[in-house]
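The values are calculated or read from the model by the stated rules, or taken from the named source; none is laboratory data. Keep in mind it's a predicted model, so treat the numbers as computed, not measured. Methodologically, a virtual Cβ is constructed for each residue, glycine included, from the backbone with ideal geometry; neighbour enumeration extends over all protein chains shown. Accessible surface is based on the protein model in full, side chains and every heavy atom, while ligands, DNA and RNA are left aside. Shrake-Rupley method; radii C 1.70, N 1.55, O 1.52, S 1.80 Å.
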Amino acid sequence: MSTLTKNPNVNKWVDEMIALCKPDKVVWIDGSKAQLDELRNEAIATGEMIKLNEEKLPGCLYHRTLPNDVARVEDRTFICSRKKEDAGPTNNWCDPKEMYAKLTPMYDGVMKGRTMYVIPYSMGPIGSPLAKVGVEVTDSIYVVLNMAIMTRMGADAFKNLGDVSDDFVRGLHSKADVDPEKRYIVQFPEDNTIWSINSAYGGNVLLGKKCFALRIASYQGKNEGWMAEHMLILGIEKPNGEIKYVTAAFPSACGKTNLAMLIPPEGYTKRGYKVWTVGDDIAWLKPGEDGRLYAINPENGFFGVAPGTNEKSNYNALASTRKNTIFTNVAINNDDMTVWWEKLDKNPPVNATEWKGEKVNGPEYVAAGNKLAHPNSRFTAPAENCPCISPEFNNPNGVPISAIIFGGRRAKTAPLVYQSFNWQHGTFVGSIMASETTAAATGAVGVVRRDPMAMLPFCGYHMGDYWAHWLEMGKILGDKAPKIFNVNWFRTDDNGDFIWPGYGDNMRVLDWIIDRCEGTVDAVETPIGYEPKPEDINVEGLDGVTTETVADLLSVDRELWKEEAKGIEEFYKKFGDKLPKEMSDELKALEARLA
Ligand code: GTP
Ligand code: SPV
Ligand code: MN
């Protein structure tokens, strides 16, 4: 039995996992600095992690995963609810009994010769009424060190669980042989259980993140009256000191981290605007005592996309990675043991090791069309490192949300920004999201697919029931519900170049969104929703982007949208009688407005 907790439910379950995996040794993670330092040193000694330049990147480590193990694997991710219809048409499903029977032999003795680490952690500030406890057992030090950054990890999480509660999520992970043919990422929502095997990468193995905080938590939220969403949370401080909070759901690698940490254009900073980051990937939302919707970030760090991050595009993210950070699958500059990735700067290191571990001449390698860092290479950085981390980051009650923003990568169709007519229409707008696929998951990149609410890979139950839950939440929130918007930073011109400058300049769109929430700016009614008058998007100080450009970015091509409506109808058919009538009504209303 552990000295960390007397909770019999925890101890019994860990004993079962030990009996199954048969590790040589079991280490309970208390979260102490001494213990973590010891694990870091062990990982460095075995070569699992590489120590980086102690002066330039203090406390930072490098890790490389196998080339077959660099992203989430959606085709090997399962929702094992007892009834198939509870997983719905957008999830892979298998009967839980069958799945346990298939995986149990794979875990049998898998940790022989290895150490099992038992990680207690809290998703959300410890003691928050919105927080939840998880325990992950794993044979990977990399997982322990990442969980130490991404969650509130250690003995305090057990204190919060108490001595009797059974309310914790059980996560079992083994890297096993990292065999992609035997890789499984499996959620058992009805058992509060996650089993992950044969991967050692990010979202597949940091079980507090996508597996718990989205797949399991979305199911818990439906049953308990709250929401778990793939959303950033940010606060916009206005010149009068007032802060308005918004959330935004964009699919993986579509700009959440960047928007969450943006630095407003000069004209705005001079007037006293500032952005505060509460979260960059996941939000848990629940109505508060005043009837408004409140959000916490269940995470404690950022597992962010490295390529594209630089001083100019995302100063705050880069600053967050300058100490106590883990870099995965980026390139190393061997001259000074620092890191490099595409678009960090224009100077790839000459004496480089590319992400797979081969020593190369960086400039030559890049000139030949190769990438030094994997497109889904990431940094794991503590939230406390972020220069613009919100003073409310640890507020156990979260922050009140004024607006919810949906968005994705669409070369055409979706305009720069529009507002839904109301919550029900906003739910429809979220449900019809589509976006080009990215390197965050294995498979083709750049293919447009439907990704409702950016939750396609993360909804732990039937998507039709999920939409019904959204509609239900709207009824509970009533006139205190956040306003719902849709944005698209990714429209392209005839050369395929992005028209909108994006990044910090997205503040100009947030500005309009906040004004709409406060009712201080007009809008134009279009068939798809309310749009800004082009002149109401501030273009002051922009190079080559005028009010005419904005008008173009806001144009709604009725023929394209009629095609879009057909695509939505096709997509909706998948959901059969689980599709809420409100959603098909909204589709009919859209078609009528387009006709
Ligand atoms: P996950 O962590 O996978 O959920 O992704 P995310 O939504 O946090 O995406 P992130 O902010 O890391 O952005 C991913 C990629 O999109 C990076 O390469 C960015 O440089 C690029 N990007 C972000 N914001 C913008 C923008 O406003 N315009 C353009 N053109 N690209 C952007
Ligand atoms: C995503 O893919 O949306 C991520 C990265 O945020 S991972 O943690 O790997 O899921
Ligand atoms: Mn994500």
**Q.** Within the chain, helix-based [θ] at 222 nm, where runs of 4 or more DSSP H residues each add -39,500 (n - 2.57), nearest 500
**A.** -8000 deg cm²/dmol
Q: Please calculate the 1.4 Å probe accessible area of ASP24, with all protein chains present, and give it to the nearest 10 Å².
A: 120 Å²
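Tell me the trypsin sites (Lys or Arg not before Pro) within region 15-100 that lie in a loop according to DSSP and have at most 16 other beta-carbon atoms within 10 Å. Show your work: numbers first, answer last.
Details: sites: LYS25, LYS33, ARG40, LYS51, LYS56, ARG64, ARG72, ARG76, ARG82, LYS83, LYS84, LYS97; in loops: LYS56, ARG64, ARG82, LYS83.
In loop regions of region 15-100 (DSSP not H, G, I, E or B), the sparsely surrounded trypsin sites (Lys or Arg not before Pro) are LYS56, ARG82, LYS83.
Kindly state, to the nearest 0.05, the FRET efficiency for GLN35 paired with LYS102, given R0 = 51 Å and r defined as their beta-carbon distance.
Numbers: r = 35 Å, r/R0 = 0.68.
Computed FRET efficiency for GLN35 and LYS102 comes out at 0.90.
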Q: Go through VAL144, VAL447 and list them by solvent-accessible area, largest first, probe radius 1.4 Å.
A: VAL447, VAL144
Q. Rounded to a whole number, what % of the accessible area of the chain do carbon and sulfur atoms account for, probe 1.4 Å?
A. 49 percent
Q) With every protein chain in place, what's the accessible area of LEU542 (1.4 Å probe, Å², nearest 10)? A) 30 Å²
Q. Here are some pairs, LYS33/LYS175; LYS97/LYS475; LYS12/LYS83; LYS159/LYS222; which of them have Cα atoms lying more than 29 Å apart in this structure?
A. LYS97/LYS475
Q) Using the C-alpha atoms of the chain, what convex hull volume per residue, in cubic angstrom, is computed? A) 148 Å³
Q: Determine which aspartates and glutamates satisfy two conditions relative to LYS359: a Cα distance under 17 Å, and not lying fewer than 8 residues away in the same chain.
A: ASP335, ASP336, GLU342
Q: Give, as a single signed number, the net charge of other residues whose beta carbon lies under 11 Å from the beta carbon of SER128, with Lys and Arg counted +1 and Asp and Glu -1.
A: +3
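Where in the chain lies the longest segment free of GluC sites (Glu not before Pro) that are both loop residues by DSSP (not H, G, I, E, B) and have at most 13 other Cβ atoms within 10 Å? Please report the intermediate quantities before stating the final value.
On the way: sites that count: GLU54, GLU55, GLU242, GLU289, GLU311, GLU358, GLU540.
The reported range is 56-241.
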Q.
Output the 0 to 90 degree angle, nearest 10, between the alpha-carbon long axis of helix 8-21 and the longest principal axis computed from the alpha carbons of the chain.
A. 70 degrees
Q: Quick one: order TYR273, TYR117 from most to least accessible surface, probe 1.4 Å.
A: TYR273, TYR117
Q) Just how much of SER313 is accessible, in Å², when a 1.4 Å probe is used and the result is rounded to the nearest 10? A) 20 Å²
Q.
5 Å is the cut-off here: which amide hydrogens, built 1.01 Å from N in the peptide plane, fall below it relative to PHE78, excluding neighbours closer than 5 in sequence?
A. ILE185, VAL186, GLN187
Q) Helix 581-594: angle to the longest alpha-carbon principal axis of the chain, degrees 0 to 90, nearest 10? A) 40 degrees
**Q.** Anchor LYS566: lysines whose Cα lies under 23 Å away (excluding residues fewer than 8 positions away in-chain)
**A.** LYS412, LYS574, LYS578, LYS581, LYS588
Q: Would you please give the residues with an amide H less than 5 Å from that of ASP281, counting only those at least 5 places away or on a separate chain, with H modeled from the backbone geometry?
A: ILE233
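Report the FRET efficiency, 1/(1 + (r/R0)^6), for ASP335 and ILE18, where r is their Cβ-Cβ distance and R0 is 51 Å, rounded to 0.05. Show your work: numbers first, answer last.
Working: r = 45 Å, r/R0 = 0.89.
E between ASP335 and ILE18, to the nearest 0.05, is 0.65.
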(Q) Give me the percent relative contact order of region 302-385, please, defined on Cα pairs under 8 angstrom at least 6 residues apart. (A) 43 percent
Q.
Compute the helix-to-body angle for 96-107: its Cα long axis versus the longest principal axis of the chain, expressed 0 to 90° and rounded to tens.
A. 50 degrees
Q: Can you figure out the FRET efficiency of ASP515 with ALA155, using R₀ = 51 Å and their beta-carbon distance, to the nearest 0.05?
A: 0.65
Q. Counting only the backbone N, which residues of region 263-299 are under 14 Å from the spot 7 Å out from the Cα of ILE476 toward its beta-carbon?
A. 284-296
Q | Calculated from backbone phi, Karplus (6.51, -1.76, 1.60) coupling profile of region 450-464 in Hz, x at Gly/Pro | A | 5, 9, x, 6, 6, 10, 3, x, 10, 7, x, 8, 5, 4, x
